[in-house]
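The values are calculated or read from the model by the stated rules, or taken from the named source; none is laboratory data. Since the structure is predicted, the reported quantities are computational estimates derived from the model, not experimental observations. When we count neighbours, we look across all protein chains shown, and the Cβ atoms used for this are built from the backbone with ideal geometry, even at glycine.
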Amino acid sequence: MNGKIIPYKQLRKKLSNPQGYKPDDIEPKLSWEPILIPDGDYQAYCFDYKTKRVRKWKNERRLWLWFEIYEGKYRGKRTYRSYPYPEKVSPCSAYYKEWLIANKGKKPARNSRLSPKVFLNKIFLVSVRKVKSGEYSVIGSIKELVAGGNQYEG
């Protein structure tokens, strides 16, 4: 023993992360297993979101919306929709267009932050696609709002 005392938080980090991965190196995940379902349109319920800076994409801020398939044979399977999530969102971006769908077509107030909370607890018609590697499926786009909630006021 060299007599050096290591604070508990540092010791816990070393023990829980022996390979030295930083949290930014890992895509945020909930309790889900990658699913592979046929490409197509499904109804899905948005139950959570996560934002994080990801080193893999040049330290870009990303947003993940988490969905659970709501109907049919794949009911209960979970997957996500990922977006770049800059401080200012362009009206040409997929996030802006899909945010409008979630907000029932109501445009945001000028200079307002487009909060992902608008997606929560709603059912959407989504398009599911396989990733390029073909190993699992993700949400490719949100097509329409099927049910849920009021317009977002915040």
(request) Would you be able to say whether some residue in region 39-57 is β-branched (Val, Ile, Thr), over 19 Å from Ala147 (Cα atoms) and in contact (Cβ under 8 Å) with a residue 40 or more places away in the chain? (result) yes
(request) Select from region 77-92 the residues that are assigned to a loop (DSSP other than H, G, I, E, B) and either touching a helix residue (DSSP H, G or I) at 6+ places or on another chain (Cβ under 6 Å) or surrounded by fewer than 16 Cβ atoms within 10 Å (Cβ to Cβ) (or both) and write down the one among them that is modelled with the highest pLDDT. (result) Cys92
(request) Within region 105-125, track down each residue that is within 14 Å of Lys143 (Cβ to Cβ) and loosely packed, with under 14 Cβ neighbours inside 10 Å. (result) Gly105
(request) Filter region 97-147 for residues that are under 18 Å from Gly40 (Cα atoms), small (Gly, Ala, Ser) and in a loop (DSSP other than H, G, I, E, B) and give the result. (result) Ser133, Gly134
(request) With respect to Val131, determine if the residue is under 19 Å from Leu36 (Cβ atoms), loosely packed, with under 15 Cβ neighbours inside 10 Å and not aromatic (Phe, Trp, Tyr). (result) yes
(request) Consider Tyr70 carefully, then state whether it is modelled with pLDDT under 90 and either farther than 18 Å from Lys117 by Cα or hydroxyl-bearing (Ser, Thr, Tyr) (or both). (result) yes
(message) Within region 67-75, does at least one residue satisfy the condition of being on the phi < 0 side of the Ramachandran plot and under 14 Å from the mean Cα position of the chain (by Cα)?
(response) yes
(message) Residues to consider are Ser137, Ser82; find the one that is polar (S, T, N, Q), touching a strand residue (DSSP E or B) at 6+ places or on another chain (Cβ under 6 Å) and free of Cβ contacts under 8 Å to residues at least 60 places away in the same chain.
(response) Ser82
(message) What's the number of the only condition in (1) surrounded by fewer than 16 Cβ atoms within 10 Å (Cβ to Cβ); (2) more than 24 Å from Lys52 (Cβ to Cβ) that Leu145 fails to meet?
(response) (1)
(request) Looking at (1) hydrophobic (A, V, I, L, M, F, W, C); (2) within 15 Å of Val138 (Cα to Cα); (3) surrounded by 15 or more Cβ atoms within 10 Å (Cβ to Cβ); (4) at pLDDT below 90, find the lone condition where Val54 falls short. (result) (2)
(request) Give region 95-104 a look and list any residue that's within 18 Å of Ser82 (Cβ to Cβ) and exposed (fewer than 15 other Cβ atoms within 10 Å of the Cβ), or say none. (result) Lys97
